[in-house]
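*Asks:* Let me give you the structure first, and then I'll get to my questions.
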Amino acid sequence: ASAGRPGSRPHILAIANQKGGVGKTTTAINLATALAATRKRVMVIDLDPQGNASTGFGIPHEGRRQSTYRLLAGEIPLARAALTTEVPGLTLVPAGPDLAGAEVELVDSERREHRLADALAPGVGDADVDYILIDCPPALGLLTINGLVAAHAVLIPLQCEFFALEGISHLTKTIERVRARFNPGLTIQGIVLTMFDRRNNLSETVAEDVRGYFGDKVYRTVIPRNVRVSEAPSHGKPVLLYDTSCAGSKAYIQLAGELLRQHKTLAA
Ligand code: ADP
Ligand code: MG
């Protein structure tokens, strides 16, 4: 009802950047887990046909039949699509390979930009969740548009590498277009710097550039490049369950803290 109003529940965040390998999925999995650790109820929607978020939560392929695809197709309600995970308080709508076809099939469908928003609308008011995190695919096609139309805000991961800001205007223009045409309340929640390498001067330079460009939209928390973070998905676990005390886990807990404080200030 109060979609877009700060403090409305659940708060729906699209995690988006059309570049692949910048840490979208890693952020979706681990920010969601860190939020759940503070007793927030969280749902992750895997909107990437590669299904990396589903793999990262240890959902086997045969367990992905009630998928995001069927949610977009209007075949099942949100409540049936969401699976429980190993993380208490965290549910996941998995993605199967069928989602790859959706990008094409959606083109001719009714309300093609609103399919995800429409699927969330009936369930969301009374859904037992505080946060929904949508893990978008690495493209600005109809799937990502659906994520942006369904969301209150966008969280943009940027990898600390030389081309971090390249293509960013394409993303911000897409966000503006979605705001103008479909979802006037859409805001940028924040920019999170990922895979920061303290031993590499370039990381520092890139971080400064990004802060210069986006100002205080950039979270103070920086996610370090950390081998435990990259190992965790092969064990089907968020890094917080795989190695609670590693630098990556600490960073995602800190990021969750910043997000929660953002909401307290906005809602006040
Ligand atoms: P995207 O979803 O944007 O394509 P991913 O989250 O899948 O990006 O990350 C790309 C790769 O980088 C993955 O192999 C992931 O494990 C690795 N990775 C992501 N974040 C980190 C990190 N902080 N430290 C080390 N490896 C990371
Ligand atoms: Mg991904």
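*Asks:* Looking at region 180-268, what helices (runs of 4 or more DSSP H) fall wholly within it and have at least 2 residues that are touching a Lys or Arg at 6+ places or on another chain (Cβ under 8 Å) and buried (at least 21 other Cβ atoms within 10 Å of the Cβ)?
*Replies:* Result: 247-267.
*Asks:* If I go through region 231-256 residue by residue, how many of them are without any contact (Cβ under 8 Å) to a residue 60 or more places away in the chain and not basic (K, R)?
*Replies:* Residues meeting the conditions: 10.
*Asks:* Right, another one. Would a scan of region 92-110 turn up a residue that is among the β-branched types (V, I, T) and either in contact with an Asp or Glu (Cβ under 9 Å, 6 or more places away or on another chain) or surrounded by 14 or more Cβ atoms within 10 Å (Cβ to Cβ) (or both)?
*Replies:* Yes: one or more hits.
*Asks:* Please enumerate the residues belonging to region 100-149 that are polar (S, T, N, Q) and either free of Cβ contacts under 8 Å to residues at least 40 places away in the same chain or more than 27 Å from L90 (Cβ to Cβ) (or both).
*Replies:* S109
*Asks:* Which is at pLDDT 95 or above, surrounded by 17 or more Cβ atoms within 10 Å (Cβ to Cβ) and more than 27 Å from L83 (Cβ to Cβ), of L142, L158?
*Replies:* Only one candidate passes the filter, namely L158.
The values are calculated or read from the model by the stated rules, or taken from the named source; none is laboratory data. The model shown is predicted, which means the values in this text are computed figures rather than measured ones. Quick reminder, even Gly has a Cβ in these numbers, built from the backbone with ideal geometry, and neighbours come from all protein chains shown.
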